[in-house]
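K.L.:
Take a look at this one; I'll ask things after.
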Amino acid sequence: MSVLEIAAVALTACSIVMLAVLVTRRWELARRARHREEVEARLRPAALELLHAGTEPPADLSVEEKEALADLLGRYARAVRGPTHDHIVEYFAREGMLDRELAVLAQARKGWRRATAAFRLGDIGSVDAAPALVRALEDPDRSVRIAAARSLGRLRVPDAGAALVAAAAQRRAPAGLVRWALLQVGPPALPELRALLSSPNERERAAALQLIGLLGGPSDAAEAEARLRDSSALVRTQAARALGRVGGERNLAALLGALEDRIPPVRGAAATSLGYLRDPRALDALTEHAERDPFFEVAREAARAAARIDLPAATLSASGSGSEHLREAVDLAGIR
Amino acid sequence: MTDPDRTPTILVADDEEDVRELVTYRLTRSGYDVIGAGDGQEAFELATERTPDLMVLDVMMPKLDGYELTRRVRAESSLRSIPVILLTARSQETDVDRGFEVGADDYLKKPFNPDELVARVRAVLGRR
């Protein structure tokens with residue numbers, strides 16, 4: 001037998017062994033999943049009774065059954081609120097699960113264990129977990145930070161607002177997830193967000209402004225307008241965007257000023273917001289930018305805003321000018 | 001008019017099994033007959049077959065979403081009068097408006113309070 005033949009046989013044997021291992025592993029995982037489903041199906045009536053009537057589940061559950069019940073209740077906890085949800089929180093507290101998961105989050109060496117604990121704490125639903133979850137936003141493992149941000153959103157903890165925004169600004173947690181979490185918290189997060197407007201970190205100021213634009217109201221317009229003079233273009237852009245939602249007639253002059261900002265994204269955001277304010281006094285400036293702004297995005301946003309404010313006037317301007325953006329905006333507005 | 005001696009039948013449609021179980025259990029405990037569907041198409045077929053007294057529909061469902069299903073129910077003469085409650089995670093005003101535009105009778109946000117759901121079901125059935 002040549003060396004080549006021996007190598008071929010060895011490689012074939014290795015492949016067969018690898019295949020066998022993979023098939024066995026897959027089979028074993030499927031078996032475990034089936035078993036888990038059976039256990040859950042057995043426990044479901046007890047879980048539903050606990051939820052709706054506060055009835056204590058059987059005392060003689062095995063460790064595996066208790067884990068399955070906890071997972072089941074955790075999933076139910078995501079779907080319900082009110083007294084039904086309170087029954088779940090009380091059960092987890094009685095069973096010591098809150099303390100157990102908090103200990104895992106604080107002490108486990110493996111990141112995935114800490115992440116699982118952070119995730120479960122959100123489902124357990126007790127606000128007592130909030131301080132530990134805020135600390136977990138600084139965890140060296142990204143999956144733990146993500147799970148913590150998600151759970152803080154689920155718990156709707158207003159005091160976590162600043163820590164969440166900071167995590168997003170410093171790119172410790174995904175900005176989209178943080179926005180979701182803060183939208184779950186809702187207006188109670190506003191005091192913390194407003195305080196962040198004086199942060200020395202421009203990303204924090206910008207993120208706070210973006211969320212104030214989504215959660216705030218007319219009383220936030222003055223502060224947003226003041227931020228149009230911020231040294232950071234990132235902040236000025238978010239201020240212009242926020243004014244489209246929380247602003248009004250009194251912010252018109254400031255937004256027209258922002259339309260002349262030297263940074264194109266600020267001008268684009270100002271144009272969009274002027275379109276939302278629908279004040280005809282902005283029409284000339286918007287038409288001018290639609291026709292002459294050297295930046296594509298700004299010209300397009302200005303044209304769309306002009307069409308939104310006064311479609312007949314924008315149509316007239318489009319017919320007399322060479323602005324492709326105006327013609328496109330008028331066509332699009334006509335379709336809608 | 002609903003026969004006062006007959007147990008009302010409620011069709012619950014949600015692709016999330018956990019939510020379906022929770023709603024079904026709570027409504028069953030409150031004395032209703034409940035039939036479940038895992039997607040919009042199945043819900044429409046079940047509704048045509050069983051003509052329930054009320055439908056609790058998730059908005060985001062495969063095959064046929066809650067809005068489209070409501071629209072079809074309203075367009076079908078045999079189903080037109082069945083009240084519909086939309087149950088969904090989408091809770092922006094535009095979503096709520098859209099639900100009413102297509103003909104829904106009420107709207108409940110997820111996560112939902114099961115007691116509130118039962119109260120709404122009673123209120124909507126009582127209006128018939």
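K.L.:
How many residues does segment A:24-53 contain that are farther than 15 Å from A:A68 by Cβ and open to solvent by 100 Å² or more (accessible area, probe 1.4 Å)?
P.N.:
The number of residues fulfilling the criteria is 3.
K.L.:
Now for a different question. Sort through A:G82, A:G111 and tell me the only one that's touching a helix residue (DSSP H, G or I) at 6+ places or on another chain (Cβ under 9 Å) and closer than 20 Å to A:A173 by Cβ.
P.N.:
Values: A:G82 fails: closer than 20 Å to A:A173 by Cβ.
Unique residue meeting the criteria: A:G111.
K.L.:
To continue, here is another question. For segment A:40-68: of the residues being aliphatic (A, V, I, L, M) and outside any helix (DSSP H, G or I), which is nearest to the chain's Cα centre (by Cα)? So that I can check it myself, show each step before the final result.
P.N.:
Restricting attention to segment A:40-68, the residues satisfying the condition of being aliphatic (A, V, I, L, M) are A:41, A:43, A:46-48, A:50-51, A:53, A:59, A:61, A:63, A:68.
If we keep only those that are outside any helix (DSSP H, G or I) too, we end up with A:59, A:61.
Numbers: A:A59: 39, A:L61: 37 Å.
Per the criteria, the residue is A:L61.
K.L.:
Condition first: open to solvent by 30 Å² or more (accessible area, probe 1.4 Å), closer than 23 Å to A:T84 by Cβ and within 14 Å of chain A (Cβ to nearest Cβ). Can you find one or more residues in segment B:41-57 that meet it?
P.N.:
No - not one qualifying residue is present in segment B:41-57.
K.L.:
Starting from segment A:306-323, keep only residues that are open to solvent by less than 30 Å² (accessible area, probe 1.4 Å), then list their pairs with residues that are assigned to a helix (DSSP H, G or I) and of a type in the set (D, E, K, R) whose Cβ atoms are within a distance under 7 Å, requiring at least 6 positions of separation or different chains.
P.N.:
Listed by first residue and then by second, the contacts come to A:A318/A:R327; A:S321/A:E291; A:S323/A:E291.
K.L.:
Let me ask something else about it. Test of understanding: among A:D60, A:D71, A:D86, which residue is open to solvent by 20 Å² or more (accessible area, probe 1.4 Å) and away from chain B (no Cβ under 14 Å)? Lay out the reasoning, then the answer.
P.N.:
Numbers: A:D71 fails: away from chain B (no Cβ under 14 Å); A:D86 fails: away from chain B (no Cβ under 14 Å).
Criteria check complete, one pass: A:D60.
Condition check ((1) under 16 Å from the mean Cα position of the chain (by Cα); (2) open to solvent by 10 Å² or more (accessible area, probe 1.4 Å); (3) over 25 Å from A:V127 (Cβ atoms)) across all residues:
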residue	(1), (2), (3)
A:A160	yes, no, no
A:A168	yes, yes, no
A:L183	yes, yes, no
A:E192	no, yes, no
A:L197	no, no, yes
A:S219	no, yes, yes
A:R229	no, yes, yes
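K.L.:
Within segment B:1-31, work out how many residues are open to solvent by 20 Å² or more (accessible area, probe 1.4 Å) and within 14 Å of chain A (Cβ to nearest Cβ).
P.N.:
Count: 13.
K.L.:
Restricting attention to helices (runs of 4 or more DSSP H) lying wholly within segment B:39-121, give those where 1 or more residues are modelled with pLDDT under 90 and not hydroxyl-bearing (S, T, Y). Before you say what the answer is, go through the steps one by one.
P.N.:
Values: elements: B:40-50, B:66-75, B:93-101.
Per the criteria, B:93-101.
K.L.:
Checking B:A75 against (1) open to solvent by less than 40 Å² (accessible area, probe 1.4 Å); (2) aliphatic (A, V, I, L, M); (3) over 13 Å from the mean Cα position of the chain (by Cα), which single condition isn't satisfied?
P.N.:
(1)
K.L.:
Still on this structure: Among the residues of segment B:23-32, are any at pLDDT below 90, touching a helix residue (DSSP H, G or I) at 6+ places or on another chain (Cβ under 7 Å) and in a helix (DSSP H, G or I)? Give the steps one after another, and end with the answer.
P.N.:
Our first condition is that a residue be at pLDDT below 90; within segment B:23-32, this holds for none.
No, segment B:23-32 has no match at all.
The values are calculated or read from the model by the stated rules, or taken from the named source; none is laboratory data. All figures in this text were calculated on a predicted structure; none of them were measured in a lab. Reconstructed Cβ throughout: ideal geometry from the backbone, glycine too, with neighbour counts over all protein chains shown. To get the accessible areas, we keep the full protein, side chains included, count just its heavy atoms, and leave off ligands, DNA and RNA. Shrake-Rupley method; radii C 1.70, N 1.55, O 1.52, S 1.80 Å.
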